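Structure record follows, encoded as C-alpha cells.
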Amino acid sequence: MILGAGRRPSLLLVLMASPMELVKQLGSGDVDTIVAACQELSAMKAEPASLAKLLSHKEPRVKAAAARALCGMDGAEASAPVLTQMVTDADTYVRIAASECLNSMGVKAASQVATLGKSLTNSNPGVVAAAAHALTTMGPSAADYVQPLEAALSLEAEDISTHMLTAAGVMPKTPAVLRKPACAAAAALGVLGSTSSVAKLMELLSSKDWEIRAAAVMALSQMQVGSDSSRFESQLTDLLKDPAPDVSAAACKVLGQMAQNGNPSSSTAAAVAELLSDPSPQVKASAAESLSCMGDEAEAFLEPICKLFNDKSWKVRVAAVRAVAGCGELGQMYASEVCRLTTNNDARTKLAAVKALEQMGERGACFDEEVEMLMSDNDPEVAIAAKKAIQTFFDLKAAAIENQTKMAIAETPATANHASPSPPEPSAPSSGSSTAALLFPGQGSQYVKMMSDVKDMPAVKDMLSTAQKILGYDLLKLCLEGPEDQLEQTKFCQPAMYVGGLAGLELLRKENPEAAEKPRAVAGLSLGEYTALTVAGVFDLETGLRLVKLRGEAMQEAAEAYPQKMISLAGLKKEVVEGLCAECRSGDEVCQIANILFPNGFSCAGSKAAMEKLLEKANKTDGCLQAKELKTSGAFHTKCMMPAREKLLAALKEVEPKMKPPTCDVYVNLTGSKIPAGTPVPKIVEMLADQLTNCVEWMPCMQEMIKDGIVDFYECGPMKQLKAMMKRIDMTAWKTTQNIHV
C-alpha cells in the first residue's frame, strides 16, 4: 500500500513509535494505522508473534500487510500453515503477500509443500502462480511436484485482477511470477534444477507472450543444462534478437553460462557481441556479462566492450569492466582504460574498476598509485577493495623482488657482467643450439606506465639516456605519464616499443641468462623486427633507434598524405578476405591484407573509401566474427607506405656499412620464413624496406619456428599480444611461451 503524501497525525506517531507502542497500534480499529505499524515492525524485524495474529484479520489489507511484514523475520515459519491457506485466498493482494512470505522462508516452510502442491491444480491462475512461487525456494522436498509444475507451464492465462489493483494504485505492477502460472512454474523448475524439464522449457521459447519467453530463458539460465546444451544454442541465439529486452538479456545470460560449461562457438560470441550496441542498458549489460564467460572467443570484441566504459548506465559500465578483466592477457592491455574509471563519480563503477585492476595482476599493479588514493574513499566498499588491491600489488612486487634476488645470487661473475653492458646496449647473442626463440611485439602493445618496473635497471637506464639524446625528448616520461594519445602516435610509439623490447631482454637476462644470450632464433612483429635484428647483432642500439625514429616519422607522414584506414577481421578464410578486398578496390584505391596474425585473423589496410566498403561487406559475410576499425593512423604494410619506403631505404643504405650479418636465425615478416645466421647485410636492407609495403606474415613465421623444432618462446616487451596470438596458432607452443613484461 502506497500512502499518500499527506499523513494524518496518528500515522506520524506510528512512524516514531517503539516496538511496544507499535504492538498497541496493531489493535487499533484504524486500517491505515495498523498497516503503517506493520510496515514499521517489518523494518525493525520485530514482534513476529503479534504480526501473526493479524493473519486472521477480517480486513484483507491488514492480512496482507502482516504477511509482508513477516517476510524474512526469524520465527515467521510458525505462521507457515496459516500463510499456506492464504495462498488460496479470494483476495489477490492477500494471496500475493502470503506467497512472497512463504517464498522468503525457503526450506523453513517445507512442511507446507504438500498443501501448496495441491494448489497447483486450482482453477484460479492467480492461486496456481502464488503456489508455484511459494514452492520455488522450498528445496528438495518440492521436487516431488515437478510434474504438476510442468503441467502449469501450459497455462498461459494470468490473474487479471492484479492489473485492476495496479490501476487503482493499491499496488505496483506485479511481477509475472505472481500473475502467470507458466512464469511461476518456470521459475520454480529453474531453481529446483529439474534438468528433465529442459525440453518443456525450451518449448516455451516460442511462446507469443514475451514474459513467458523471458521466464523460460531465466529458468534455463539457473540450470546446469548438461553437456547436450549445444543443441539448444541456435534457438537461444535466435532469441538474442527478441524485441523484448528481458528476453534477449536472459538469452545472453544462459548462453554465457553454457559457455562456462563447454566451448562456446565463435558465431555465438559474435551474435552476443552485436548486442553491445543495443539501445537497452539491460541488454548491453547482459551481453557484456555473457562475453566475460566466453574466454578466448570474447577477446575479439574487447574494443566494443571498452566503449561501454562511457555508458550512462552504471550497470553497463560495471559489466563491461568485469568482461575486460575476464579476458585474460589481452584484457590486461586495457588496464589503463579501466584505471580511468577509478575517478568515476559512481561508487559501484569505481569498485568494479578497482577489483578489475587487482585481477589484472602485474599489469594492474602499474596503477597502484591511483588505487592507493581510493583507500580513503568516502564509500567504505571502495576503500576496502582498494586496500585489498594494494596488498595484492605489494605481494606481487615482493615476489618479483625475491625472485630477482635469487637469480642474482645464482648468477656467475661472467653472467653478471652482461647484466649491465657497456656500451649501453644489449649484447649480441651467440649462435646457439638451444630450442629457445625471442619474440618482440610491435605497435599496439604500448601503454602508459610501461617500463615502470625496469626503469632503474642499469642497462635500461643507459638505453633511456641514449634514447633521449637521439630522440630529443624524454622517452621514459612519455612512457610513464603519457598522455596516451601521444604515446599512440606512430612517431612516438615506435621508439617506445623498440626500447621497451630491449628492456624486456634485459629483464630476461636476469631471469634466464642462457635464453637471453644464446637464443636459437629471434623474430619481431612489424616494428618489433628492428628490436629482433638489434638483438641478433645486425645493428647497435643507436643505429637501430635512429632507423626506428625515421621509420615512425616517415610512416606517420605517409599516413597523413591522404585518408587511410586499417581494420581487423576475424573468422574468414584468407581467400575470402582477398576476394572481398578485390571487390572493394576501384581505380587506384588500395585495399589489401596487411597482417596475417593467426588462423583466420587478419588486419587489412588501404584507402579510406575502400576500407569502409570492406568493413560493410565483411560484416555481412557469413562466418565473420569481427570486423572493426583499428586506431592506427595509416595503412601500414601496403602500397600506401611507398613514400615512407623510399625514405627508409635511403637511411638503411646510409648505415649499411655499420650493419653486420645476424648471429642467429631471424624469422622475417616479409616471407614468413627464416634468414639464417650470417645472411648478407644487403639482403636485410632490401627486406626491411619491402616490409613497409608488404603483408606481415606473422603466423607463418611462428609456424615455421615450431616446424623447425623451436620449443621455448620468450615475448620480451610490453603486454602479451604475441602470446595471445600464439594461443590461436598453436596451443602446445602457447603453453611454452613466456611473457617478459615491462
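The values are calculated or read from the model by the stated rules, or taken from the named source; none is laboratory data. All of these numbers come straight from a predicted model, not from anything done at the bench. Using ideal geometry, Cβ is built from the backbone for each residue, glycine included, and neighbour counts are taken over all protein chains shown.
The set of residues in segment 608-632 being over 25 Å from the mean Cα position of the chain (by Cα) and of a type in the set (A, V, I, L, M) consists of ALA609, ALA610, MET611, LEU614. Only residues that are closer than 26 Å to ALA270 by Cβ and out of contact with any strand residue (DSSP E or B) (no Cβ under 7 Å at 6 or more places or on another chain) were counted across segment 625-657, and they come to 1.
Of the residues that sit in segment 305-333 and are in contact with a Lys or Arg (Cβ under 7 Å, 6 or more places away or on another chain) and either of a type in the set (Phe, Trp, Tyr) or closer than 19 Å to LYS628 by Cα (or both), which one is surrounded by the fewest Cβ atoms within 10 Å (Cβ to Cβ)? Only one residue tops the list, namely TRP314.
Of the residues VAL146, VAL113, only one is surrounded by fewer than 18 Cβ atoms within 10 Å (Cβ to Cβ) and part of a helix (DSSP H, G or I); which?
Criteria check complete, one pass: VAL146.
Just so you know, in segment 295-304 the residues that are acidic (Asp, Glu) and crowded, with 18+ Cβ neighbours inside 10 Å include one that is farthest from TYR447 (Cα to Cα), and it is GLU297.
Yes/no matrix, rows are residues, columns are (1) in a helix (DSSP H, G or I); (2) assigned by TED's automatic domain parsing to the domain that holds ALA152:
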site	(1), (2)
GLY72	no, no
SER99	yes, yes
SER104	yes, yes
SER123	no, yes
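For segment 467-489, a residue qualifies if it is in contact (Cβ under 8 Å) with a residue 24 or more places away in the chain, surrounded by fewer than 19 Cβ atoms within 10 Å (Cβ to Cβ) and either not assigned by TED's automatic domain parsing to the domain that holds ALA536 or not in a loop (DSSP other than H, G, I, E, B) (or both), and the qualifying residues are ILE470, LEU480, GLU481, GLU484. Scanning segment 607-662 for residues that are of a type in the set (Val, Ile, Thr) and buried (at least 20 other Cβ atoms within 10 Å of the Cβ) yields THR632, THR638. If you filter segment 572-606 down to residues that are among the small types (Gly, Ala, Ser) and loosely packed, with under 15 Cβ neighbours inside 10 Å, you find that the one that is nearest to the chain's Cα centre (by Cα) is GLY579.
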